[in-house]
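What follows is a single structure, written as C-alpha cells, with notes after it.
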Amino acid sequence: MSHAYGQVRFSDGLVLHYRYYGTVDMALDALFDTASGVYDDWRSHTARACVCGKDEPVEIATEYGSGFSWNGRACRHCMAITAGFSPYEKTESGYVVKRDGLPDWWVSGEEEFDITTTVEEQASSFDDLW
Ligand SMILES: [Zn+2]
C-alpha cells in the first residue's frame, strides 16, 4: 500500500483530511472536509495551492506505517497544505522531525472506508475495461 489517509490539525482544533503518498514519503497538497473527500479524489488528484497568504502552522499526521506526525503549514481558506509535505523537510524554523505514533488529537472513526480494499477493487474493475 503506497498511499495512506492523513489528518491535519490547526491550532484551534480544526481537523481536515488529506492523502499521504508513502512511496516518496510526502503529503499531497489538497485538503478535504471529510475522509470521504479524500476517497473521492483518489484517482484524479486535485492540486491545490494557497493564494491568500493566510496559511497557519499545523500538525500533520498519517496512519501510514505505524503512524507518525510532524509540523507543517496549511491554509483552511484555500484547503491546501503549504509547507511540511515531507516529515523530513527543512523549514524556516529548522528541520522538521517525524514523531512516531498517531498524535493525541487524531480523530479516529473518520476512516469510513478501507483504502487498500478500495484501490484493489478499483484496479480490478479498471482491468475489466481492457
Ligand atoms: Zn490561502
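The values are calculated or read from the model by the stated rules, or taken from the named source; none is laboratory data. This one's a predicted model, so the numbers in the text were calculated from it and none came from an experiment. Every residue, glycine as well, gets a Cβ built from its backbone with ideal geometry; the counts of neighbours run over all protein chains shown.
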Might you check whether a residue that is over 17 Å from TRP105 (Cα atoms), modelled with pLDDT of 90 or more and away from the ligand (no atom under 14 Å from the Cβ) occurs anywhere in region 15-25?
yes
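Restricting to region 44-66, name every residue that is of a type in the set (S, T, N, Q), away from the ligand (no atom under 16 Å from the Cβ) and over 12 Å from the mean Cα position of the chain (by Cα).
The answer is SER44, SER66.
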Residue, surrounded by the most Cβ atoms within 10 Å (Cβ to Cβ), within region 53-99, restricted to residues that are among the acidic types (Asp, Glu) and part of a strand (DSSP E or B)
GLU59
ASP12, sole failed condition from (1) in contact (Cβ under 8 Å) with a residue 12 or more places away in the chain; (2) within 21 Å of GLY109 (Cα to Cα); (3) out of contact with any His (no Cβ under 9 Å at 6 or more places or on another chain)
(1)
So, in region 29-52, exactly how many residues are assigned to a loop (DSSP other than H, G, I, E, B) and either over 18 Å from THR91 (Cβ atoms) or without any contact (Cβ under 8 Å) to a residue 12 or more places away in the chain (or both)?
13
For SER69, the lone unmet condition from (1) touching a residue at least 12 places away in the same chain (Cβ under 8 Å); (2) more than 15 Å from the ligand (Cβ to nearest atom); (3) farther than 19 Å from LEU102 by Cα; (4) of a type outside the set (Asp, Glu) is (3)
